[in-house]
Structures are given as structure tokens and as C-alpha cells.
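Some notes on the structure that comes next.
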Amino acid sequence: MMVYLGWTFAALLLAGMGWFASAWVYQRRIAMLQVQIKVLRQTATAHAEQARRQIGKLQADLAARPPAAQTPATVEAQEVSAAQRPRRRAGVAQKFERQDDGFPQTAIVGAEGFAPTELLT
């Protein structure tokens, strides 16, 4: 009987030590992964901010440029490209203009559909 009690105590002690060792190892791995995620988020934020600044600077440079002079060749090219543009079918136009799903109508801002990027300094 005493032998079984000794083996039971040893098994419980080893199981407890194994649990604590695995908890320590995995807690260190989790902490390391959390640090990696934090650094990744900071890098992604920095890249997005840099892209916003670059786009804003390019838009400001384009806005400061004088408009190009209209030559007969450019006017003719614009007319040809307008004539070659595919026309929408009536069913497709209705699908995008009318909404029956209960949501409000979406407003498209600007000619390209995107709001202008603001220059962040």
C-alpha cells in the first residue's frame, strides 16, 4: 500500500512539474509573438502614413501645375476616346442607380469615385 502511495505522489509531482514547465515555455512563446505583432502593426502604420504623405505631396504638386494647353490633336483624341467608350446597357445602369434593399443611396464623390487625399504635415 505504501509503495502505491509513493508512486502516486511521484506521478502527481512529475505531472505538476511538467504542467508548470510547459506553461512557462508557452507563456514565453506567446509573449514573443505578442511583441512581433506589435512591431508588425507599428510598421504597417508607418508604411500607411508614408504612403498618405507621398500621395498628398503628389496631389499638391499636380494641383500646382498649370493646365496643359489644348491642341487640336488632344481635343480630337478626347473625342475619339469618348466615342469608343463602351455604353452601359439600361439594365446595368438601373442596377447601380436603384437600390431596393433598404439601404440609403451611395453618393460617389469626385470623377474617380474617391475623395481627395489631404496632405498631412
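Every number in this text was worked out from the coordinates using simple rules, so none of it is lab data. Only a predicted model underlies this, so the values are computations on that prediction, with no experimental measurement involved. Cβ coordinates were reconstructed from backbone atoms using ideal geometry, including for glycine residues, and neighbour counts include every protein chain displayed.
Structure values in brief
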{"item": "Share of alpha-carbon pairs per 5 Å distance bin for region 1-65, given as whole %", "result": "3, 14, 8, 9, 8, 7, 8, 6, 6, 6, 5, 4, 4, 3, 3, 2, 2, 1, 0, 0"}
{"item": "Segment Glu76-Trp19, length gained on full extension (0.36 nm per residue, minus Cα span)", "result": "12.6 nm"}
{"item": "Förster radius 35 Å - calculated FRET efficiency between Tyr26 and Met1, Cβ distance, rounded to 0.05", "result": "0.40"}
{"item": "Residue-count net charge about Ile55 - beta-carbon cut-off 12 Å; Lys, Arg +1, Asp, Glu -1", "result": "0"}
{"item": "Karplus-derived HN-Hα couplings along region 14-31 (A = 6.51, B = -1.76, C = 1.60, θ = phi - 60°), whole Hz, x at Gly and Pro", "result": "5, 5, x, 5, x, 5, 4, 5, 5, 4, 5, 5, 6, 5, 5, 5, 5, 4"}
